[in-house]
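**Student:** Next up is a structure, given as structure tokens.
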Amino acid sequence: MKKIFSLIFLFGILNITAQNNTSYWQQHVDYKMTVDMDVKKYQYKGSQELVYTNNSPDTLHQVFYHLFFNAFQPNSEMDVRSRTIADPDGRVKDRISKLSQEEIGYLKVTSLKQNGALLKHHTEGTVLEVSLDKPILPGQKVTFMMEFNGQVPQQIRRSGRNNKEGVALSMTQWYPKMAEYDFEGWHADPYIAREFHGVWGNFDVTINIDKKYILGGSGYIQNPNEVGYGYEAPGTKIKRKGKKISWHFIAPNVHDFTWAADPEYIHDSVKVPNGPVLHFLYKDNTDIIDNWKKLQPKTVELTQYFSEHIGKYPYDQYSVIQGGDGGMEYAMCTLITGHRKFGSLVGVTAHEMAHAWFQHILATNESKHEWMDEGFTSYISNLAMNKVMNQNSSNPNLGAYKSYYRLAQSGIEQPQSTHADRYSHNAAYGAAAYSKGEVFLAQLGYIIGKQNLAKTIKEYYKEWKFKHPTPNDFKRIAEKVSGMQLDWYLTDWTQTTNKIDYSIQSVIENGDQTTITLQRNEMMPMPIDITVKYIDGTQEAYYIPLRMMRGEKENQNPSIKRNILKDWAWTHPTYSFNIKKNKTAINQIIIDEKEGMADINKSNNLYKK
């Protein structure tokens with residue numbers, strides 16, 4: 001399987017039309033890194049060989065690397081942003097500004113060559129600007145050789161040493177990482193603790209570290225019988241010579257590499273039937289061991305759920321590792337804090353593991369389309385939790401709707417097309433990315449039908465795994481599956497703050513028929529589901545398609561008669577239709593009884609006689 005993965009999308013030249021209306025392409029990287037770690041000083045020296053393939057139609061005259069650890073220095077962009085934003089992250093606040101020289105993080109590139117020629121480079125905050133010796137032509141490969149030094153910062157946000165639970169090393173965003181270049185150009189964004197975008201490729205990483213430390217992370221361990229600690233074959237006797245051992249990992253077809261280390265890790269592993277091996281690394285702490293043992297069969301169920309409802313997990317392993325400062329997804333692994341109640345432990349694992357699909361297989365540009373990553377993950381993980389934890393909720397996404405309603409009425413909402421770093425409030429970013437992003441999918445099910453939504457998610461995975469899909473790419477899949485036109489939905493929901501509010505304006509009985517008039521009170525149009533209930537207990541449904549959709553969803557409840565009415569043009573603020581007199585009188589009229597539409601004012605959705 002490892003050989004297969006190293007070949008998948010090596011050059012990314014499939015004939016699929018992307019948002020820029022050109023033949024899809026993506027860059028490729030092959031990293032080979034060796035790192036020597038000093039666990040007492042929290043410093044390391046590294047060498048990196050990077051083979052970069054320019055699959056773009058453009059000639060590149062410069063390249064950029066991310067130096068994420070430089071964010072953990074006083075007066076960095078992350079520091080200043082945290083001290084000036086209206087509602088700073090409680091984990092950061094002003095902590096970076098108070099770091100000493102021994103506590104800061106840094107990445108320093110001491111040497112960089114292109115095909116053997118020394119290059120001029122300049123560090124600006126968390127970005128390394130590199131002037132090339134020779135331009136990189138379309139289709140050309142070049143080899144960059146780099147020497148670098150790093151210092152692991154005090155754990156503040158995601159990365160760092162000695163987090164609040166005592167994990168020694170949470171090594172995320174720890175190496176000089178080539179920035180992504182795509183149809184929009186370079187994405188050399190400064191790091192201020194938001195989201196990421198990386199180049200697809202293969203990683204070969206060797207970490208030399210004190211022999212007492214146990215590691216977990218991305219990729220497959222190549223020397224299990226040398227490192228031991230539960231990775232070796234059963235019955236193998238491990239003899240560790242010297243003060244350090246080398247941990248050798250291979251991670252094929254990923255866009256990131258992460259690891260964590262601690263001398264007190266317990267390492268368990270569980271095999272998913274017809275799936276990957278799950279690794280669990282957590283501190284030897286009596287307060288958490290029971291929950292971490294109980295977590296393991298639940299994680300097996302989560303893996304199976306995601307593979308069934310999105311697409312089969314394509315790698316041979318996944319690791320759940322105690323570390324970091326909350327929960328964060330990485331290639332083939334996650335770092336989560338471990339001192340939690342059992343439900344919370346399963347919940348954070350479900351969310352971060354779902355990111356293995358929605359970000360580390362379907363690799364959207366999180367900085368520009370963070371709602372696709374966080375929102376889609378929230379949607380599917382809430383469905384998975386409902387199943388795995390037997391929550392039996394009729395609407396597992398209800399919490400996201402409520403969060404969105406608070407955002408829509410807060411006065412601080414910004415469009416979801418806002419760059420992740422440009423939100424004026426952290427709260428607005430969180431609600432837009434997670435909650436409104438989740439509602440985007442759930443509400444799409446209201447528009448095209450739940451069956452079509454389920455098909456869309458699977459087809460999206462099938463067509464766009466191991467690539468960088470955009471919002472338009474997802475929309476086009478949904479259009480092909482449903483047969484409907486959905487540009488209006490993508491535009492209004494993600495690129496504006498237009499809201500939804502429909503009301504029952506009047507119900508007038510006149511002879512043998514009743515005239516019902518509805519009103520659109522806000523700017524965003526939607527198709528409308530109406531339930532009419534009669535005094536004798538019978539009911540029937542009415543469906544008003546939105547004209548711009550150019551199609552109709554299937555009846556979501558075939559046991560109830562549904563009447564399809566003429567289309568509603570979005571320009572018309574009101575819409576009237578007639579119901580012929582039934583055997584008994586109307587008791588209730590309800591707009592969207594199942595509450596799949598994110599109507600911000602439901603008080604006007606009900607008529608009672």
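The values are calculated or read from the model by the stated rules, or taken from the named source; none is laboratory data. Since the model is a prediction, treat every value here as computed from it, not as a measurement. We place every Cβ from the backbone using ideal geometry, glycine too, and count neighbours over all the protein chains shown. The area values use the complete protein model at the heavy-atom level, side chains included, leaving out ligands, DNA and RNA. Shrake-Rupley method; radii C 1.70, N 1.55, O 1.52, S 1.80 Å.
**Student:** For the chain, with all protein chains present and a 1.4 Å probe, just round the carbon and sulfur fraction of the accessible area to a whole percent.
**Tutor:** In the chain, the share of accessible area belonging to carbon and sulfur is 48 percent.
**Student:** Once you treat every alpha carbon in the range 505-609 as an equal point and sum by Debye, what is log10 I(q)/I(0) at q = 0.11, 0.13, 0.14, 0.22 Å⁻¹?
**Tutor:** -0.33, -0.46, -0.54, -1.40
**Student:** Moving on to the next point. Would you indicate which of (1) 32.1; (2) 45.6; (3) 29.2 is the value of mean projected area of the Cα convex hull in nm² derived from the coordinates of this structure?
**Tutor:** Checking each listed value against the structure points to (3).
**Student:** How would you order 85-96, 61-72, 220-231 from highest to lowest mean count of nearby Cβ atoms within 10 Å?
**Tutor:** Values: 85-96: 15.7, 61-72: 23.4, 220-231: 17.8.
Highest to lowest by the protection proxy: 61-72, 220-231, 85-96.
**Student:** Using the heavy atoms of the protein chains and a 1.4 angstrom probe, tell me the accessible area per residue for the chain in square angstrom. Walk me through the numbers on the way to the answer.
**Tutor:** On the way: 24750 Å² over 609 residues.
The answer is 41 Å² per residue.
**Student:** Then there's this: Do any of 40/211; 533/553; 41/283; 450/475; 93/368 go past 18 Å between their Cα atoms, and which?
**Tutor:** Table pairs above 18 Å Cα-Cα are 533/553; 41/283; 93/368.
**Student:** Please list 385, 523 from largest to smallest accessible area, probe radius 1.4 Å, with all protein chains kept in place. It would help to have the intermediate numbers written out before the result.
**Tutor:** On the way: 385 25, 523 100 Å².
Accessible-area ranking of 385, 523, largest first: 523, 385.
**Student:** Over every pair of different alpha-carbon atoms in the range 37-176, take the mean of 1/r and invert it; report that Kirkwood radius in Å.
**Tutor:** The Cα-based Kirkwood calculation yields 16.4 Å.
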